[in-house]
Every structure is written in structure tokens, then in C-alpha cells.
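Participant: Questions regarding the structure given below will be posed in turn.
Throughout, read-outs are computed from the coordinates displayed, never taken from laboratory work. Just so it is clear, the model here is predicted, and its values are computed rather than measured. Note: ideal-geometry Cβ built from the backbone for every residue, glycine included; neighbour counts use all protein chains shown.
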Amino acid sequence: MANTNRGNQTIIAEFTLLGFGNLPILRIPLFLLFLLIYIVTMAGNLLIIVLVVGDHHLHTPMYFFLGNLSFLETCYSSAILPKMLSGLLTNNKTISFLGCLLQFYTFVCLACTECILLSVMSYDRYLAVCDPLHYAAVMNSRVCAKLASGSWITGYLVLTIIVSLMSTLTFCGPNEIDHFFCDLTPLLQLSCMDTHWIRVAIFAFSFLGSLPPFLLTVASYACIIATILRIPSTTGRQKAFSTCSSHLTVVTVFFGTIIAVYLTPTVDTWRALNKVLSVFYTVLTPMVNPLIYSLRNSEVKEALGRALKL
């Protein structure tokens, strides 16, 4: 490890990702498992993108946002899984200082963007179910483009703030990260500086970046469920609920695991559980999103059928 000395401190140049522990017997099975997950994730999300772009029947606000979500998920998985797979295959768990921070910054940007994008999709479903007569006028292509670009820009702004805060930290050992990727809490634990106020500031910005989207999502689905329950016919209720059930499933998995990981106590007894829960929103959620939207959505299945007939 190429280190440089600064007084009595040693500035580290690389980190070691401990991952899921030192169990050689599980290394290859885990590699094959996560490789399969990565392949399914990339194939599923790229297929959704191709269908949304190529099939004019899917040129609607709901599928426009779904295409953005699928693109985000491909970036999300590619920021974490390739390094994890490389470490499992070669047993080389080191990651450069710059590579670690780049992975962390990418993860923060995409996670914040996904929070906002999911809330935008919830608002879209709210308009479609609760105000269908004005839906086409309100959710036009210009508004959709602004909402999608606003999600990405907000994620980038949150990233810029956190980058400026993290750039003030000094890491001087130990260099072992008890995680399978460079996450916030493990990185702060390795800093040789007092990180109290940085933790407070990052928590505040993260709180402001995630709580409003979460509350908007909850409010949207509260209104949707109330509207659906007022529909007199069973068929009408089932049809209305089918338009948002897939998205509700994705939202529940994503926000549920995020809250479980970042609001549970940071003690040793919870550390292993948090690592497992992190797999859900960083690895499994990007994989199941296209499966949920395709298997439970007749329009996507019809678009896939038309594409296969070409």
C-alpha cells in the first residue's frame, strides 16, 4: 500500500472491503449468485428501456418514468456489483482511496435520485387514479421531462454537498471497511478526525433529501387507496389497483430497507443485519424491479410480445 506520512499519522491510499467475511468455502458460490443477479439485473432493466423507447404504445408518462428508473438501476448495480464480483473471484478485496470515494459518491447520487423518482412516479399514479379527467393535461411531455430532470439534478446537488463535506475528512487507518461497498457510516468510522458535525450535516441534508419524497409517496398512496375503496364495482377497484400495485411493491421494498438500515442503531449486533438488508436495496431491488413491472403489467407483456414477433 502506497502510503505517505503526515507527522505521526499515516494517510491511507486504499481500503479493504471485508464484504461478507473470510469464508473461502462460500466465495465461489457467492460469486456465482451475484454474477447471476447482475446479469438478470442488466438484462431486465435494459429490456425495459428498449421496450419503452421502441414501442409507441408505451410512450406514456408512467413508462417514461419507468424507463428512467431502469436506467438508474443499471447505473446503481454497475457502481457496486462489478467490484464485489472481482473481490469474490480473485479474493482481492482492496479498493483505491479514489475508487472508494467515487463508488460512495455514485451510490449517494443514485440513491437520492431514486427516492425522488419513486415519489414522482407515485404522484403520477395519484393523478391517474384520483384525477383521471385532468391527467393528460397535467402530466404532459414537458412536465414529465421537468420532473425527471429535476430528480436527477436534485440527486446531483445532494451529491455535491456531501462531496464538499467528505472532502474535509482525513483517513489515517485502520483501512478495513466492514461492508461490501463504500457506504457512509463505515467510511466515517475510519476517519481520524472528529466527524460529529459532519455526521449531523450529512444527516440533515439526507433527511431533507429523502423525507419529503417519502412523505409525498405515502400521501399519494393514501389518496389512491381511499379513492379505490370508493369505487363501487369490484372490477373497477381491481383495475385501478393494478395500475399502481407494481410501483407500490417497489416503493415498499426500497424505502423499507433504506429505513431499516439507516435508522437502526449502529452497534455490532446490528451490523451483520444491516449488511444483509443493504443487499436488498443495492442488489436485489434493481433486479426485481423489471420483473415486478413486467410480470404484473399487461402492457409491458404485450409490448414484449410485439417485439418478439418482429
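Participant: Excluding residues on the same chain fewer than 8 positions from residue 146, give the aspartates and glutamates whose Cα lies under 16 Å from its Cα.
Facilitator: Partners found: 114, 124.
Participant: Something else now. If you put +1 on each Lys and Arg Cβ and -1 on each Asp and Glu Cβ, how big is the dipole of the chain around its Cα centre, in Debye rounded to 20? Can you show the working numbers first?
Facilitator: Details: 17 positive and 13 negative charges, 107 e Å.
Dipole of the chain, to the nearest 20 debye: 520 debye.
Participant: Please compute the Kirkwood hydrodynamic radius of the range 25-179 from all pairs of different C-alpha atoms, in Å with one decimal. Don't jump to the answer; show the numbers that get you there.
Facilitator: Details: mean 1/r = 0.0557 Å⁻¹.
Every distinct Cα pair counted, the radius reaches 18.0 Å.
Participant: Counting only Cα, what are the radius of gyration and maximum Cα-Cα distance Dmax of the range 32-84, in Å?
Facilitator: 12.4, 38
Participant: Separation of the range 215-235 and the range 80-98 by C-alpha centroid, Å?
Facilitator: 45
Participant: List every DSSP H helix in the chain whose Cα atoms extend 30 Å or more along the helix's own long axis and whose mean Kyte-Doolittle hydropathy is at least -1.0. Walk me through the numbers on the way to the answer.
Facilitator: Values: long enough: 24-54 (45 Å, 2.36); 61-90 (44 Å, 0.85); 97-130 (49 Å, 1.41); 141-166 (37 Å, 1.28); 196-229 (47 Å, 1.63).
Taking the DSSP H segments of the chain (at least 30 Å long, mean hydropathy at least -1.0), we get 24-54, 61-90, 97-130, 141-166, 196-229.
Participant: I would also like to ask the following. Let me see the pair-distance distribution of the range 143-203: every alpha carbon pair, 5 Å bin width, integer percents in order.
Facilitator: With 5 Å bins starting at 0, P(r) equals 3, 16, 22, 19, 15, 9, 8, 5, 2, 1.
Participant: Using the charge dipole of the range 1-160 (Lys, Arg: +1 at Cβ; Asp, Glu: -1 at Cβ; taken about the Cα centre), state which of 108, 148, 74 has its Cα farthest towards the positive end.
Facilitator: Towards the positive end, the residue furthest out is 108.
Participant: A further question follows. Would you work out which of 137, 222, 49 lies farthest towards the positive end of the dipole of the chain? Charges go on Cβ: Lys and Arg +1, Asp and Glu -1.
Facilitator: Among 137, 222, 49, the one farthest towards the positive end of the dipole of the chain is 137.
Participant: Antiparallel versus total DSSP beta bridges in the chain: what percent is that, nearest 5?
Facilitator: Around 80 percent antiparallel, to the nearest 5.
Participant: For the range 139-254, what's the radius of gyration and Dmax over Cα atoms, in angstrom?
Facilitator: Taking only Cα atoms of the range 139-254, I get Rg and Dmax of 20.5, 65 Å.
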